1. Go over the candidates Leu195, Leu202, Leu186 one by one and state the one that is farther than 22 Å from Leu302 by Cβ and either of a type in the set (Ser, Thr, Tyr) or under 18 Å from the mean Cα position of the chain (by Cα) (or both).
2. Taking segment 4-29 as the region of interest, how many residues are more than 22 Å from Gly182 (Cβ to Cβ) and either outside any loop (DSSP other than H, G, I, E, B) or open to solvent by 50 Å² or more (accessible area, probe 1.4 Å) (or both)?
3. Could you tell me which of the residues Arg105, Arg39, Arg62 is surrounded by 14 or more Cβ atoms within 10 Å (Cβ to Cβ) and either modelled with pLDDT of 95 or more or out of contact with any helix residue (DSSP H, G or I) (no Cβ under 6 Å at 6 or more places or on another chain) (or both)?
4. For segment 166-205, enumerate the residues that are polar (S, T, N, Q) and not in a loop (DSSP other than H, G, I, E, B).
5. Going through segment 40-63 one residue at a time, which ones are within 14 Å of ligand 1 (Cβ to nearest atom), on the phi < 0 side of the Ramachandran plot and either of a type in the set (Phe, Trp, Tyr) or not in a helix (DSSP H, G or I) (or both)?
6. Do any residues in segment 23-41 that are within 12 Å of Ala290 (Cα to Cα) have Cβ atoms under 6 Å from those of residues that are of a type in the set (S, T, N, Q), where the two are at least six apart or on different chains, and which pairs are they?
7. Just give me the residues in segment 211-246 being in contact with a Ser or Thr (Cβ under 9 Å, 6 or more places away or on another chain), assigned to a helix (DSSP H, G or I) and open to solvent by 30 Å² or more (accessible area, probe 1.4 Å), in sequence order.
8. Output the residues belonging to segment 141-184 that are touching a strand residue (DSSP E or B) at 6+ places or on another chain (Cβ under 9 Å) and aromatic (Phe, Trp, Tyr).
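The values are calculated or read from the model by the stated rules, or taken from the named source; none is laboratory data. For clarity, every value in this text was computed on a predicted model and none was experimentally measured. Every residue, glycine as well, gets a Cβ built from its backbone with ideal geometry; the counts of neighbours run over all protein chains shown. Just the protein is used for accessible areas: all its heavy atoms, side chains included, with ligands, DNA and RNA removed. Shrake-Rupley method; radii C 1.70, N 1.55, O 1.52, S 1.80 Å.
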Amino acid sequence: MSLARLVQRRLIIVTGKGGVGKTTLTAALARHYAESRRRVLAAEIVPTAETPSQLAIALGVRGLTEEPQRIAPNLSAVLVTPTAGHHRFLQASLPIKLLADTAMRSQALRKFLSAAPGFSDMGVMYRMLDLLRLPNPAGGHAYEIVLLDSPATGHALALAQIPEFLIRVIPAGPIRRVAEEGLAVLTDPRITGTLIVTLPELLPVTEALELQEGLTKHRLPVSAIVVNRVPNDPFSKEERAAVSEVLSAQGGLVLGARELRRIERAQAALAVLRERATADHVVLSEVEGAGSHATLALLPAL
Ligand SMILES: Nc1ncnc2c1ncn2[C@@H]1O[C@H](COP(=O)(O)OP(=O)(O)OP(=O)(O)O)[C@@H](O)[C@H]1O
Ligand SMILES: [Mg+2]
């Protein structure tokens, strides 16, 4: 089954270590679903709205804001910041909306809310729920699919751990309700799927397997492990062995020896994955170009 069909959920969380291709994959999936006429929101978690948006680059647009912007038919994109979440949470929980605006203008409060790690993740969580809930004027949800590009491995886990913790320590009230709702959404496999992106090398694959274990332990549904940037292998197994022999006879210093070793390491990493992954895994090839060119080049593989 294609990756896009495999992961299709209302909320798709794209996670994995730094630089593995999360943002590129988020952008490519968003474009794919939008082209198949689903109303899509691509969202990038950033610490502040001033952070340069990598998702904007991957989508080929100038910049993104904390409010969803339409960038193509059926496709919108947004920055998810803890502050936007805090602001909306206060607006929804305080009796007078103006109070929330005033509170959020306080530098001290903003600093406090974004410095405490739990509060920061709760802000992201609230904003995420808020975006999922947005109504479509013609009925249903404004966005049928929300893709969440999360910045680092810890994040997807934190999104589940924070509400679990809050539910344990807070007996009642609006924060507990957000935590409960968030946890219910995140752990419902009919609504949410996480994609673990990794690279075809032993260490990244091992880390992806650990992340799979961590997510599963916190009941986040893992839709698939995506091995990105797999080198194209033009050889059969026998041919590879023959080429390898010729190259090593030459001392391995010929052009192509490095690439061949990369192909062999990728094969070894994929073998480990086949053996140990409990979730499906999908392979995406190395493509030409960077930024929005890489996004477009990945589209046919989805
Ligand atoms: N399949 C691919 N083939 C070739 N280049 C790719 C592929 N996927 C991603 N890239 C390139 O790899 C680089 C890192 O990709 P990307 O920014 O999507 O990773 P990331 O996981 O979001 O990184 P970060 O953790 O910094 O947010 C980019 O230059 C991107 O164009
Ligand atoms: Mg990124």
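1. Criteria check complete, one pass: Leu186.
2. Taking segment 4-29 and keeping what is more than 22 Å from Gly182 (Cβ to Cβ), we get 4-6, 17-21, 23-25, 27-29.
Filter once more, so that each one left must be either outside any loop (DSSP other than H, G, I, E, B) or open to solvent by 50 Å² or more (accessible area, probe 1.4 Å) (or both): 4-6, 17-19, 23-25, 27-29.
Qualifying residue count for the region: 12.
3. Working: Arg105 fails: surrounded by 14 or more Cβ atoms within 10 Å (Cβ to Cβ); Arg62 fails: surrounded by 14 or more Cβ atoms within 10 Å (Cβ to Cβ).
Exactly one residue qualifies, and that residue is Arg39.
4. So in segment 166-205, the residues polar (S, T, N, Q) come out as 187, 192, 194, 198.
Answer for segment 166-205, where residues must be polar (S, T, N, Q) and not in a loop (DSSP other than H, G, I, E, B): Thr192, Thr194, Thr198.
5. Those that are within 14 Å of ligand 1 (Cβ to nearest atom), on the phi < 0 side of the Ramachandran plot and either of a type in the set (Phe, Trp, Tyr) or not in a helix (DSSP H, G or I) (or both): Ala42, Ala43, Glu44, Ile45, Val46, Pro47, Thr51, Pro52, Ser53.
6. Sorted first by the residue in segment 23-41, then by its partner, the pairs are Thr23/Gln54; Thr24/Thr295.
7. Within segment 211-246, Glu213, Thr216 meet the criteria.
8. Passing the criteria: only Tyr143.
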